[in-house]
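Working notes for the structure below.
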Amino acid sequence: MSSVAPDQLVDQGVGLGQFGAESAPAIAARSPWQLFWRRIRADNVTLVAALFIVFLTLVAVFAQQIIDLVGARPPNAQSTKYLDEFGSAAPPSADNLFGTDSLGRDVFSRTLYGARVSLEVAFISSALTVLIGVTVGILAGYYRGVADTVLSRLMDVMLAFPVLLLALGLGAACSFGDGCKIEGTPVGSSLAVIALVACAGVGLSALAARRRGRRFPADTLVARLWIPVLMLCLGLALALVAGDSTVFKISPGLPVVIFVIVIASWPHIARVIRGQTLSLREKEFVEAARALGSSDRRIMFRHILPNLVAPIIVYTTLLIPTTILFEAALSFLGVGVQPPTASWGAMISEATEIFDSAWWYMTFPGLALVLTVLAFNLVGDGMQDALNPRSSGR
Amino acid sequence: MSSKGIRFVLLACLLAMLTFVLAACGDDGPSPAGGGDAAKTVPEGKKGGSVTALAAGDVDYMDPGQAYYTFSYQILYSTQRTLYYFSPEAPDKQIPDIAAGDPEIAGDGKSLTVKLQPGIKYSPPVNRDVTAADIKYAMERSFSVNVPNAYATGYFGDIVGAPSKPTTGVKEISGIKAVDDLTLQIDLKSPSAGTLAAALVMPITVPVPEEYAADFDKSNPSKYNENVVFSGPYMVKNNAEGKLTGWKPGKSISAVRNPNWDAATDFRPAYLDSWEVQEGNDDAAVAGRRILQGQGLVQGDGAPPAQILKQAIQQYKDQLIYSPSGGTRYVAVNTTQKPFDNVDVRKALIAVFDRTAMRLTRGGAAVGDIAWSFLPPGMPGYEESGGLKAPAEFDYLQKPEGDLALAQEYMKKAGYASGKYDGTEKILTIATNADPGKKSAEVAQAQFEKLGFKLNFRVVPQDTLYTKFCGVPKSDYGVCPNVGFFKDFLDGQSLLDPTFNGKAIIPASNTNWPLIDDPKINGLIDAAKALPLGAERNQAWADVNLELVRQAVAIPWVWDKQPIISSKNVNMVADDYSNSPFMAFVSLK
């Protein structure tokens with residue numbers, strides 16, 4: 001039996017022949033994170049992909065500076081100078097490195113700015129998806145019973161929707177004009193929203209209390225109010241963001257895309273996290289924490305959550321390319337980012353009609369999309385290998 | 001395979017794909033063979049065969065009393081006959097169709113008599129001769145609420161006894177008289193017989209047999225739309241009861257020869273044995289390629305997109321003809337909304353607009369001349385307005401590529417000291433979701449932004465552009481960048497009255513898109529309408545046209561020529577009235 005602590009592993013890089021020798025070095029213990037980093041460093045494909053993502057992020061952040069540096073035109077600047085007598089797009093040249101589209105706009109600039117849109121959507125929507133999915137998953141898995149039943153059925157309902165149709169419907173409804181909004185009187189409707197979310201929070205808290213074998217006494221309510229307080233804050237924030245007479249609003253453009261992606265994606269990660277939580281809550285360290293009198297909140301977020309980091313990281317890296325493709329698909333179908341904002345999906349959509357006469361218009365945003373998605377997938381794959389304790393890597 | 005192995009395979013696939021893409025990019029296709037405008041001819045065709053038209057959408061109605069879309073006219077004028085029409089050989093001169101000769105106009109201009117040809121028969125199941133009473137009934141039913149007609153009250157409202165509002169049920173109109181089976185007399189309140197004669201080419205004069213249609217017309221809307229009988233060389237397939245079986249809305253229209261049609265009574269040669277319309281071809285580029293490279297195919301609704309037009313001009317020039325549309329495309333701004341209620345703001349917008357860029361979105365110079373007014377070449381009043389070039393008084397129309405400095409001067413005149421609009425609101429703009437309309441809207445957006453306007457796009461399907469948004473004043477649109485109006489007949493009235501007369505503003509199906517209601521313009525229009533056909537009337541419409549430009553009611557940008565493409569084995573003949581393939585003249589080579 002090894003004397004190494006459960007969360008440490010023997011460095012297998014040390015030669016066995018050295019054991020027993022007087023001058024043998026001490027056995028180096030490595031934490032899972034050290035092991036993870038060691039494995040990642042050894043994986044060239046993942047490293048290259050990660051470097052590409054860093055490069056892409058820099059390109060997106062410094063898009064304007066790069067455009068200025070190479071002397072390209074702004075992404076939305078139209079020019080008939082670069083169109084022929086029929087209004088056809090111009091091929092790559094010194095003036096337009098990636099050619100132009102059929103409005104005379106520089107495809108190079110638009111591809112760079114498209115990266116900004118793609119990464120913005122990818123990071124924001126992935127972060128929100130993970131936040132919602134992990135929270136719901138932990139709550140459902142930890143409390144089980146009625147809370148699990150309600151949340152799991154909610155996930156089932158969400159998963160049962162044909163995602164693209166749902167996205168198209170929401171996108172079509174919210175992409176135009178002022179977007180989707182629920183009107184109401186400023187005070188009444190805001191109070192209604194606050195009351196609704198507060199009630200939902202109290203309900204969940206009550207369920208949690210019951211789950212612990214207790215009644216729902218008022219004297220313990222205050223002490224156990226963290227869930228309703230959280231929901232109340234969310235409600236207040238929502239009401240404040242909504243403004244005077246609008247209870248809820250999704251503006252056209254990126255907010256619609258992000259909303260659609262989050263709505264469609266959170267149940268997937270919630271399911272994964274729920275399953276993991278169901279297993280973790282039965283572990284000895286959770287029993288020990290409970291025996292020591294830790295609160296549910298502490299058990300969930302201080303004991304269970306750290307053990308979920310690996311699947312969360314892996315899932316997030318795999319979620320990002322999915323959201324990029326989803327944004328591209330929505331923009332391709334005309335319900336995503338609104339013109340004239342550059343988006344790879346919209347550019348590819350516009351290019352399909354003129355692909356035989358303007359190959360550059362589809363090729364460059366298409367390549368950017370493929371490379372980005374591939375890079376994120378490779379990094380996700382590499383992380384999965386590196387975080388897997390059963391992995392054969394060093 | 002290990003996961004690392006899979007990743008290397010993925011990379012290899014990517015490289016292979018790159019190689020494929022770059023290889024594909026190496027070939028730009030055949031080099032340009034030079035452009036050219038195919039000469040307009042009416043070729044002698046061979047009898048027999050069938051062609052298929054590729055269309056994106058459907059007709060609005062099959063019922064001639066209701067049909068108003070250009071595409072509907074493409075079907076209608078090869079399956080139905082009106083009192084008068086146009087031959088493709090002389091498209092600027094109307095010729096008798098059902099009529100036996102020119103209309104006889106009374107000396108006071110208040111009455112008009114039309115003699116009909118004998119021997120024109122309806123298709124099955126009616127099978128009888130067309131009479132003057134059928135045309136009387138056709139016109140009367142078009143004033144009924146059950147047969148919503150977009151132009152009856154506008155163009156035919158001067159007939160004695162004509163109702164000013166749609167009637168409940170079909171009511172007799174005393175001013176329309178079937179003197180005998182082959183004589184129709186129309187009495188008018190004012191001496192406008194000349195104008196009315198010009199409007200007798202419209203589908204309202206397609207005969208409708210009362211004994212067959214009356215029951216259908218009792219429904220609202222009339223069910224005659226699904227049970228139409230035909231008087232032309234072709235008929236849409238129907239069953240023994242007359243129910244149309246060859247029209248599957250949104251899918252197809254199938255036309256065959258009308259067994260009761262007599263070639264001796266018609267100027268249409270009707271070479272083909274049958275023809276079909278395939279609908280749902282939403283991708284105009286794909287449809288265009290199919291037509292150019294296929295066999296027996298012709299263009300349906302819409303125009304080929306710019307890249308297909310270029311391809312046709314350079315590589316398939318024998319498969320392309322043009323039809324002057326007799327209309328104007330323009331950007332309409334809502335003149336009832338601030339700041340577009342200010343004429344100087346509107347002039348600034350016209351001044352800044354790059355109309356060449358707008359025209360390039362539809363294919364450049366090949367699709368027509370840059371417009372500066374609302375009467376296009378070929379229309380009476382066009383030359384009187386000044387012809388191709390805008391008169392010097394309109395400084396804001398002198399530079400087709402736009403004049404920012406002048407535009408800013410007008411903005412200053414309008415009260416915007418910086419020369420730019422300083423409002424922060426986003427102006428609701430209705431754009432179509434497909435090219436070329438979408439591209440035109442994006443170009444328009446860029447022009448507005450030059451003067452500091454911010455547009456809030458609402459992108460909608462083409463078929464709802466008018467029915468739900470730009471044709472519905474209460475939708476509160478600010479800008480409609482993709483509107484256009486094309487002639488109903490050869491007179492200035494058909495272009496300027498429904499579109500700029502304040503009295504023409506209606507809650508739905510409105511065509512006065514700028515919502516301009518100016519007493520001076522309305523007065524000029526009313527005065528022009530009262531004049532008999534001729535030089536004085538043409539000058540009056542030119543005066544209306546110039547006043548519209550003076551008040552900058554909209555931003556005109558192209559006088560269309562409609563390009564029409566067909567397959568190599570098709571003799572294409574255009575109907576210049578509907579700017580579409582004239583199926584009764586089209587033949588196979």
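Looking at B:Lys487, B:Lys439, B:Lys454 in this structure, which one is crowded, with 24+ Cβ neighbours inside 10 Å and of a type in the set (Lys, Arg)?
B:Lys439
Based on what the data block shows, is A:Met383 away from every other protein chain (no Cβ under 12 Å) and either farther than 23 Å from A:Leu166 by Cα or part of a helix (DSSP H, G or I) (or both)?
Criteria not met by A:Met383.
When only residues in segment B:343-368 that are more than 14 Å from every other protein chain (Cβ to nearest Cβ) and of a type outside the set (A, V, I, L, M) count, which is farthest from B:Trp557 (Cα to Cα)?
Residue satisfying both the conditions and the ranking: B:Asp344.
Scan segment B:390-398 and give yes if some residue there is surrounded by fewer than 24 Cβ atoms within 10 Å (Cβ to Cβ), assigned to a loop (DSSP other than H, G, I, E, B) and within 14 Å of chain A (Cβ to nearest Cβ), otherwise no.
No, that holds for no residue.
Name the residues in segment A:93-124 that are part of a loop (DSSP other than H, G, I, E, B) and farther than 25 Å from B:Ala366 by Cα, would you?
Within segment A:93-124, A:Ser93, A:Ala94, A:Asp95, A:Asn96, A:Leu97, A:Phe98 meet the criteria.
Name every residue in segment B:439-463 that is modelled with pLDDT of 85 or more, more than 7 Å from every other protein chain (Cβ to nearest Cβ) and not in a loop (DSSP other than H, G, I, E, B), in order of residue number.
Hits for segment B:439-463 are B:Ser440, B:Ala441, B:Ala444, B:Gln447, B:Phe448, B:Glu449, B:Lys450, B:Lys454, B:Leu455.
Within segment B:32-48, is even one residue at pLDDT 95 or above and either closer than 21 Å to B:Leu196 by Cα or not in a loop (DSSP other than H, G, I, E, B) (or both)?
No, segment B:32-48 contains no residue that is at pLDDT 95 or above and either closer than 21 Å to B:Leu196 by Cα or not in a loop (DSSP other than H, G, I, E, B) (or both).
Can you tell me which of A:Thr111, A:Thr135 is over 30 Å from A:Ser349 (Cβ atoms), at pLDDT 90 or above and not small (Gly, Ala, Ser)?
Residue meeting the stated conditions: A:Thr135.
Can you give me the number of residues within segment B:511-539 that are free of Cβ contacts under 8 Å to residues at least 40 places away in the same chain and part of a helix (DSSP H, G or I)?
Total satisfying the criteria: 12.
Is it true that some residue in segment A:357-368 is modelled with pLDDT under 85 and more than 22 Å from A:Asn76 (Cβ to Cβ)?
Scanning segment A:357-368 turns up at least one residue that is modelled with pLDDT under 85 and more than 22 Å from A:Asn76 (Cβ to Cβ).
If we keep just the residues of segment B:187-206 that are within 15 Å of B:Gln94 (Cβ to Cβ) and among the small types (Gly, Ala, Ser), which is surrounded by the fewest Cβ atoms within 10 Å (Cβ to Cβ)?
Applying the filter and picking the extreme gives B:Gly194.
Filter segment B:322-380 for residues that are at pLDDT below 95 and of a type in the set (Phe, Trp, Tyr) and give the result.
Within segment B:322-380, B:Tyr322 is the sole residue that qualifies.
For segment A:340-356, name all the residues that are out of contact with any Ser or Thr (no Cβ under 6 Å at 6 or more places or on another chain), outside any helix (DSSP H, G or I) and either more than 8 Å from every other protein chain (Cβ to nearest Cβ) or surrounded by fewer than 22 Cβ atoms within 10 Å (Cβ to Cβ) (or both).
A:Pro340, A:Thr341, A:Ala342, A:Phe355, A:Asp356
Looking at B:Asp301, B:Asp318, which one is in contact with a Lys or Arg (Cβ under 8 Å, 6 or more places away or on another chain) and more than 25 Å from B:Phe353 (Cα to Cα)?
B:Asp318
For segment B:110-130, name all the residues that are crowded, with 18+ Cβ neighbours inside 10 Å and closer than 20 Å to B:Pro532 by Cβ.
If the condition is that a residue be crowded, with 18+ Cβ neighbours inside 10 Å and closer than 20 Å to B:Pro532 by Cβ, then B:Lys110, B:Ser111, B:Leu112, B:Val114 are the ones that fit.
Could you tell me how many of the residues in segment B:443-498 are within 28 Å of B:Ala542 (Cβ to Cβ) and in contact with a helix residue (DSSP H, G or I) (Cβ under 9 Å, 6 or more places away or on another chain)?
Residues flagged as within 28 Å of B:Ala542 (Cβ to Cβ) and in contact with a helix residue (DSSP H, G or I) (Cβ under 9 Å, 6 or more places away or on another chain) within segment B:443-498 amount to 22.
Say we look at segment B:419-442 and pick out the residues that are of a type in the set (Asp, Glu) and more than 18 Å from B:Asp476 (Cα to Cα); which of these is nearest to the chain's Cα centre (by Cα)?
Going through the qualifying residues, I end up with B:Asp435.
Which of the residues that make up segment A:335-352 are farther than 12 Å from A:Ser118 by Cβ and not β-branched (Val, Ile, Thr)?
Once the filter is applied, which keeps residues that are farther than 12 Å from A:Ser118 by Cβ and not β-branched (Val, Ile, Thr), segment A:335-352 yields A:Gln338, A:Pro339, A:Pro340, A:Ser349, A:Glu350, A:Ala351.
Only one of (1) touching a strand residue (DSSP E or B) at 6+ places or on another chain (Cβ under 6 Å); (2) over 19 Å from B:Trp275 (Cα atoms) fails for B:Tyr234. Which number is that?
The failed condition is (2).
Please enumerate the residues belonging to segment A:78-117 that are within 11 Å of chain B (Cβ to nearest Cβ), closer than 18 Å to A:Val337 by Cβ and hydrophobic (A, V, I, L, M, F, W, C).
A:Leu103 - this is the single residue of segment A:78-117 that is within 11 Å of chain B (Cβ to nearest Cβ), closer than 18 Å to A:Val337 by Cβ and hydrophobic (A, V, I, L, M, F, W, C).
For segment B:220-270, give me each residue that is of a type in the set (Gly, Ala, Ser), part of a loop (DSSP other than H, G, I, E, B) and more than 28 Å from the chain's Cα centre (by Cα).
Within segment B:220-270, B:Ala240, B:Gly242 meet the criteria.
The values are calculated or read from the model by the stated rules, or taken from the named source; none is laboratory data. Model, not experiment: these values are computed from the prediction. Glycine also receives a Cβ, built like all others from the backbone with ideal geometry; neighbour counts cover every protein chain displayed.
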